[in-house]
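The next block holds one structure in the form of structure tokens; read it before the comments.
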Amino acid sequence: MMQFGVGQPVILATLAAVALAAPKPDYAKAAARSAIDSSEEIQVLRHDLVMEDDGRYNLDVETANGIVVSQSGAPEGPDDAVVKSGSFSWTAPDGTPVHVKFVADENGYQPQSDILPVAPEFPHPIPQFVLEQIEKARQEDAARARGDFSSEEDSYRPPASYSAP
């Protein structure tokens with residue numbers, strides 16, 4: 001069993017208090033501070049924002065590193081949802097000029113640009129046997145809706161025996 005002298009409990013209590021009072025590291029703030037410290041400040045050459053009393057607006061921004069933003073919007077429809085359209089552009093790190101036009105309305109955000117991926121065309125026509133199966137299913141559904149389908153044809157019965165392929 002460990003024996004404590006007269007001053008040892010006070011020292012232990014002091015060490016515990018210091019450990020508990022030590023500030024906890026805030027990793028999120030450190031990461032944000034690091035990102036800010038390492039980034040270069042870019043001068044804003046133009047920032048024009050015109051807001052009308054009826055909710056319409058126009059925004060034009062241009063920065064010294066070549067970023068250009070232009071957009072306008074206005075409330076539309078019974079809920080006065082803001083419909084926006086515009087464009088933004090910049091130069092990619094490899095020197096490629098990038099330009100994106102967009103509309104944001106009741107159909108969602110709709111960007112258009114050469115840099116955006118495009119889904120490939122359907123690679124081949126639908127095979128005839130698939131079309132025939134779709135037609136057969138349609139006819140069966142129609143017959144079932146009319147009540148022309150007998151219960152024997154309507155239910156699945158597994159084969160009574162199985163054979164090797």
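Which trypsin sites (Lys or Arg not before Pro) from the stretch 35-136 combine a DSSP loop assignment with at most 15 other Cβ atoms within 10 Å?
For trypsin sites (Lys or Arg not before Pro) across the stretch 35-136 that sit outside H, G, I, E and B with at most 15 neighbouring Cβ atoms in 10 Å, the list reads Arg56.
What is the calculated FRET efficiency for Leu131 to Tyr109, with r their C-beta to C-beta distance and R₀ = 35 Å, to the nearest 0.05?
Using R0 = 35 Å, I get an efficiency of 0.45.
How do the peptides 61-67, 113-119 rank, highest first, by the average count of neighbouring beta carbon atoms within 10 Å per residue? Kindly include the intermediate steps, with their values, before the conclusion.
Working: 61-67: 14.0, 113-119: 8.3.
Descending mean neighbour count gives 61-67, 113-119.
Towards the positive end of the charge dipole of the stretch 44-112, with charges on Cβ (+1 Lys, Arg; -1 Asp, Glu), say which of Ile67, Gly55, Gly86 has the farthest Cα.
Toward the positive end, the furthest listed residue is Ile67.
Using only the Cα atoms of the stretch 44-112, build the gyration tensor, take square roots of its eigenvalues as a ≥ b ≥ c, and label the shape rounded, prolate or oblate: rounded if a/c is under 1.5, else prolate if a/b is larger than b/c, else oblate.
The shape class here is oblate.
No value in this document is a laboratory result; all are computed from the given coordinates. Computed from a predicted structure; not experimentally measured. Every residue, glycine as well, gets a Cβ built from its backbone with ideal geometry; the counts of neighbours run over all protein chains shown.
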